[in-house]
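One structure below.
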Amino acid sequence: MLNRSYMRWFLLAMAFLFMPLLAFSQKRCPGFSVSMIPDNVFVRMQGKSYPKSCPVRRQDLRYLRLLHVDWNGHVRHGEMVCNKAIANDVIEIFEELYKSRYPIASVRLIDDFGADDEESMRANNSSSFCYRAVRGSKKLSAHARGMAVDINTLYNPCVRRLRSGKMVVQPSVAVKYVDRRGAFPYKIVKGDLAWRLFTSHGFKWGGAWKSVKDYQHFEK
C-alpha cells in the first residue's frame, strides 16, 4: 500500500515538473499560428486554389500566419494554406527562417494572383496549396494536396528539358536564374538554411531531381 501511494505521488511530482517544459516546447513565437481555415479565407480560395471540383476536404487543410524578413531586412506578415499533415513542420521551419533573418520576399495565398502559378512566381511569391495539375501533364501536383511548398519562386525556377531539346522555364521570365553558378539574391542551394530545415523535416528538394530541376520546390 505504501509503495503504491509513493509511486502515485512520485508520478504526480514528475508530471508537474515536466508540464512547463512541454508547454514551452509547444509555444509559438508571436506572429506565428496554425489554425483551421477561417470562413473569410475560404471564401477567397473558392473558385481559385479551391475549385468546385476539388476533392481535398477543407478540414484537411490548415491556415498559417507567419512573419518573414525580405532581402532589405524588412519584417513582413505572411499567410499560407497547406495540408494539416505538414502544417506544424512548415510553421516551425518559417519560425527558424525568421529568427535567422533568412530572406523570403513574399508569402501570400496564390489566390491573390488568381491561382495563376506563373503570376505568383513572377512576383517571387512563396506558397503551398493550389489544386492543380503539373504543367503539361494530367498528373496532380503535390501542391494539389497542400503537401509542397515553393520558396522565392522567381529566383529559383523550375527547369524542364523536353525531348525536342527545348528548355522550359517557370516562371518564363526567370531564364537568367537557370545558371546556378551566378550570385543573386534569394537563391536556394544545397546546404543553405532553407535546404537544411526542409530536408531535416523530411521534405525532398526539387533541385536534386534529375529529369526536372525545381529549385523552389520542397515536398513530402
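The values are calculated or read from the model by the stated rules, or taken from the named source; none is laboratory data. It should be emphasised that the depicted structure is a prediction, and the values quoted were computed from it without experimental measurement. When we count neighbours, we look across all protein chains shown, and the Cβ atoms used for this are built from the backbone with ideal geometry, even at glycine.
Condition test on Val56, is it over 22 Å from Lys99 (Cβ atoms) and within 18 Å of the chain's Cα centre (by Cα)? Don't jump to the end; show me each part of the working.
Numbers: over 22 Å from Lys99 (Cβ atoms): yes; within 18 Å of the chain's Cα centre (by Cα): yes.
Here the answer is yes, as Val56 does meet what is asked.
For residues that are of a type in the set (D, E, K, R) and assigned to a loop (DSSP other than H, G, I, E, B), scanning just the range 137-163, find the one that is modelled with the highest pLDDT. My answer is Arg163.
Here is a check on your reading of the model: is Ala174 assigned to a helix (DSSP H, G or I), surrounded by 12 or more Cβ atoms within 10 Å (Cβ to Cβ) and under 13 Å from the mean Cα position of the chain (by Cα)?
Values: assigned to a helix (DSSP H, G or I): yes; surrounded by 12 or more Cβ atoms within 10 Å (Cβ to Cβ): yes; under 13 Å from the mean Cα position of the chain (by Cα): no.
When the stated conditions are applied, Ala174 does not pass them.
Listed by first and then second residue, the pairs linking a residue in the range 97-117 that is buried (at least 20 other Cβ atoms within 10 Å of the Cβ) and part of a loop (DSSP other than H, G, I, E, B) to a residue that is of a type in the set (D, E, K, R) and modelled with pLDDT under 95, with Cβ atoms under 9 Å apart and 6 or more places separating them unless they lie on different chains, are Ala115/Arg132.
Got a number for residues in the range 177-205 being in a strand (DSSP E or B) and at pLDDT below 95?
Taking the range 177-205 first, the residues in a strand (DSSP E or B) are 204-205.
Among the residues that remain, those that are also at pLDDT below 95 are: none.
Count: 0.
Based on this model, can you work out whether Ile104 counts as within 16 Å of the chain's Cα centre (by Cα), β-branched (Val, Ile, Thr) and closer than 25 Å to Val43 by Cβ? Answer is no for this residue.
Taking into account only those residues within the range 126-136 that are touching a strand residue (DSSP E or B) at 6+ places or on another chain (Cβ under 7 Å) and surrounded by fewer than 20 Cβ atoms within 10 Å (Cβ to Cβ), which is modelled with the lowest pLDDT?
From the range 126-136, those touching a strand residue (DSSP E or B) at 6+ places or on another chain (Cβ under 7 Å) are 126-129, 131, 133, 135; that's our starting set.
Restricting the remaining residues to those that are surrounded by fewer than 20 Cβ atoms within 10 Å (Cβ to Cβ) gives 133, 135.
Details: Ala133: 76, Arg135: 66.
For the range 126-136, the residue satisfying everything is Arg135.
Scanning the range 206-220 for residues that are assigned to a helix (DSSP H, G or I) and more than 14 Å from the chain's Cα centre (by Cα) yields Gly207, Ala208.
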